[in-house]
Each structure stands twice: as C-alpha cells, then as structure tokens.
Amino acid sequence: MIRINENYTKLKASYLFADIAKRVTAFQQANPDKRIIRMGIGDVTEPLPEACIDAFHRGVDEMAKRESFRGYGPEQGYAFLREAIAKHDFQARGCAVEADEIFVSDGAKCDCGNIQEIFAGDIRIAVPDPVYPVYVDTNVMAGRTGPNTGGRYTGLVYLECTKENDYVPALPTEPVDLIYLCYPNNPTGAVATAPQLRQWVDYARAHKSIILFDAAYEAFVRDPAIPRSIYEIPGAREVAIEFRSFSKTAGFTGTRCGFIVVPKELKAWDDAGNAHSVHALWNRRHSTKFNGVSYPVQRAAEAVFTPAGQAQTKQLTDFYLANAAIIRAAMEKLGLACIGGDNAPYIWINTGRDSWEFFDLLLNNAGVVCTPGAGFGKCGEGYIRLSAFNSRANVEEAMERVRSVLS
C-alpha cells in the first residue's frame, strides 16, 4: 500500500483561483451571450517588448544552426543574463550583488515555493496576512503547520497587514526563523519605506532570521524614495533572499523567466550550531532539481536590459499603471476606499461587505471578475483586489459596468 504525504490533506479544499474559475465557468454557462471582463488574476495582456521578441527570434535561429546550437545550459543561468541582471538591476542602484549570486529560474512563484526545501521542518514561519497563497501552501505541504482552523493554519505566525499599519506589519512578538515579505505587495498594492524595511533587517540580524523578499513588482515603483530591492537596506545581504520576475516587468507570464538572489554572506545553522552557506545549499538544490531556462528565453530576458528594452518595458509598466489609475479613480468616485495602483499594478478596495458576496455581485450584475480579499487571508475579508493587467478598452468598459451597478 502506497502512502501519501498527508500534509496535502491539510490544504483547504479549493485553491483561491480555482474557486474563482469555478464560479466564472458556472456564470458563463448560464449566460453564454454575456462577455466577461476578467480583472482578477494578475496575468498580463500586452505583447512582449519588441526588443525581447527580436532577441527571442535570434536565439531560436541560433538553435537551427549546428555551429550555434545549444544543448544543456548552466542550471544557474547563462553568464550573459546573470551579468546583465547584476549590473542593471542591482549594481546600478547601489546594491552589491554579484552575477554568481543570481540563479535564473522559470519564475518567482516556483522560487518562492521551492526555497523552503533547504530549511528544517520545524522552523517557525512568519507570513503576512493578506498573503500570496504560495507562501502558505508550500509550508503546509512540507509539514510545518497544523490543521487549518478558522481560516488560519496552526503553527504559522501571521503578520497582520491592515489599514491601521498602512499594510506593513509590525515586528513579531514571538521568535520566528523565516519571514515572508512582498513589496510592492501582492495583493494590496502597498509599498514599504526604507525605514520600515530597515526595522525588518535589524530584527532578522538580531534574531538570526532570514527574510524572503518577494520583489516581483519592483518595476512598477515610481516613487524614488521607495526601495526597489531589500539590498538597498544596510545589512540585508546577511539576512535576506530576494525573488524577482520578468513576468510583470516585461510580460513573460507565458514565456517564463525569473531569478532569485542568494548572497554569499547569508548563513543558516545545523542542529550542532555549525553555520552553513545558504548560497551553497540553494545551488545544490537548484542544480539537482532544475535543468535551466531555455536559451532563447534567456536571450529575450537579456534584451530587457538594452536601451531599447529598458524604454519598452517602462512603456509597458506605465501602460498598466495608467490602467490602475483609471480603476482607482473610478472606485474612489463610488466612495470606496482604496490603496495601491500608484507604485503597483493592484488596487485593494474596501467593499464594506463580505468579499465573496461582492465578488458575486460584480460577476452576476456587471460581468466583471475581481479577486475576493478573503481568499488571501483573514485580514482580506471585506476587500477585493482588482488587477490593472488588461487592455485599456476592457478597463474602461469594466469601470463603466461597475459604476452602473454600484451607483
């Protein structure tokens, strides 16, 4: 008899986005002539930047010639991409990140889910609430929690992000080992200031904790005072791992490319108290379980850092931020309090009622799909998330539909 990993049975019966899809499918089947506008899941809609497409084509053409064909590449990523990332994303902004501290992957979601494998099963995990579900579910699968009781898993430390603390949580009042932070935040669209992040870095250094910093949306930051990397904070190299993605920066959601930064100073300890290099541990895990991102995709990602690529990706993120401004203005005109949308592509809206009830209201009466905040955690109840990733025409039509329902 083959036994299962019973930790999987602790997971909630349905994943947030699967539940959304089920309700949308039922509505579409009952209303086949109604056009749905999806503003829930944060998938991009605009084509890849021209510079990336040109580089992608050149990479594919190289694969068609014996003299330039590539087989297995380095699991950590080709040097040309890692060096471009280090130079443009970090060193140009005063962050001391070297190319060999960067591991190219097929996206930040996978890295956020996989990183926990190199740590002990009994460590204490702190997660924000509202939370990107991957942070929680992968630790449930690994057996670091008890059952889900009242909407939260026993064994996790939840860091509440609320209007009162500007959606940046207070430091934990009990010891924690691994801390998940995401800024600009998914789902709230909130940002963290340098003094706020400095508190977390100082806490991690004092308690020998590690911060897992998800910066997948850093390209949307327009306020120069807001950090785009945790490594802008002194001492962060000793205590932080950063996750980045080309998905929202350059539209690679279907192309798949991201990366993780693991500084060489970062240490973790075994049961005997001996320090180990987290960089070395991750390199071992990454090399064992991953065969690398395809060569043409990495060439396309490299093109993001060319002058043309930089201009085109900024144009792309500016486009989505303009969508976000339209959404936020429309919601505020209806009297709904919002955050996000200025340095992030998400707008977090206080509905004043049950999240799923509001989801059904917009779906059934306006044909607009949002994401109910309750799906992100207890502190998300009463909120919805709207995504700016859509065409301008869809955003404008969706806001007009919502206005007709709510006004």
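Throughout, read-outs are computed from the coordinates displayed, never taken from laboratory work. Keep in mind that this is a model prediction, so the values were computed, not measured. Glycine also receives a Cβ, built like all others from the backbone with ideal geometry; neighbour counts cover every protein chain displayed.
Scattering from segment 78-159 was approximated by placing one identical point on each alpha carbon and applying the Debye formula without solvent; log10 I(q)/I(0) at 0.12, 0.21 1/Å stands at -0.50, -0.93.
Full extension of the chain segment joining Arg124 with Lys65 gains 16.1 nm, where the gain is 0.36 nm per residue of separation less the Cα-Cα distance. Backbone phi angles across segment 286-295, fed through the Karplus curve with coefficients 6.51, -1.76 and 1.60 (θ = phi - 60°), yield HN-Hα couplings of 4, 5, 7, 10, 9, 9, x, 7, 4, 4 Hz in residue order; Gly and Pro are listed as x. Max-minus-min Cα coordinates of segment 250-379 on each principal axis give 56, 46, 24 Å, with the largest extent listed first.
As a rough footprinting exposure proxy, the listed residues Met331, Met1 were ranked by other beta carbons within 10 Å of their own, and the order from fewest upward is Met1, Met331. Taking only the Cα atoms of segment 179-242, the radius of gyration and Dmax are 11.0, 33 Å.
Calculation over all alpha carbon pairs of segment 197-288 in 10 angstrom steps from 0 returns a P(r) of 16, 40, 32, 11, 1 percent. Shown in residue order for segment 352-357 are the 3J(HN,Hα) couplings computed by the Karplus curve 6.51 cos²θ - 1.76 cosθ + 1.60 at θ = phi - 60°: x, 8, 4, 4, 6, 4 Hz (x for Gly and Pro).
Relative contact order of the chain: 23 percent, from C-alpha pairs under 8 Å at least 6 residues apart in sequence. In terms of overall dimensions, segment 32-136 has a Cα radius of gyration and Dmax of 19.4, 55 angstrom.
With the helix formula -39500 (n - 2.57) applied to DSSP H stretches of n ≥ 4, the chain reaches a computed 222 nm mean residue ellipticity of -11000 deg cm²/dmol.
Computed from backbone phi, the HN-Hα couplings of segment 116-131 come to 5, 4, 8, 10, 4, x, 10, 6, 8, 10, 10, 10, x, 9, x, 9 Hz, rounded to whole numbers (Karplus: 6.51 cos²θ - 1.76 cosθ + 1.60, θ = phi - 60°; Gly and Pro given as x).
Computed on segment 192-332, with alpha-carbon pairs under 8 angstrom and 6+ residues apart, the relative contact order is 19 percent. Taking the DSSP bridge list for segment 53-306 and keeping only pairs wholly inside it, about 45 percent are antiparallel.
For the pair Asn5 and Ala337, a Förster radius of 41 Å applied to the C-beta separation gives a FRET efficiency near 0.45, rounded to the nearest 0.05. Evaluated at q = 0.09, 0.11 Å⁻¹, the base-10 log of the normalised Debye intensity for the chain, with identical point scatterers placed on the Cα atoms, takes the values -0.56, -0.84. Going from the residue with the fewest nearby Cβ atoms within 10 Å to the one with the most, Glu242, Glu232 rank Glu232, Glu242.
Close amide H contacts of Gly377 (hydrogens built in the peptide plane, cut-off under 5 Å, sequence separation of 5 or more or a different chain): Val131. Packing, taken as the mean count of other beta carbons within 10 Å per residue, orders the peptides 249-260, 377-388 from highest to lowest as 377-388, 249-260. Going 7 Å from the Cα of Phe319 in the Cα-to-Cβ direction, what parts of segment 238-271 have a backbone nitrogen less than 18 Å from that spot? In segment 238-271, the label zone of Phe319 (backbone N under 18 Å from the point 7 Å along Cα→Cβ) covers 246-256.
Length available on full extension from Lys264 to Glu238: 0.36 nm per residue minus the Cα-Cα distance, which gives 8.5 nm.
Quick one: order Arg353, Arg82 by neighbouring beta-carbon count within 10 Å, fewest to most.
Neighbour counts put them in this order, fewest first: Arg353, Arg82.
Each part gets one Cα centre, and for segment 1-52 versus segment 284-363 those centres are 17 Å apart.
Were the residues from Thr154 through Ala21 laid out at 0.36 nm apart, the gain over their Cα-Cα distance would be 45.1 nm.
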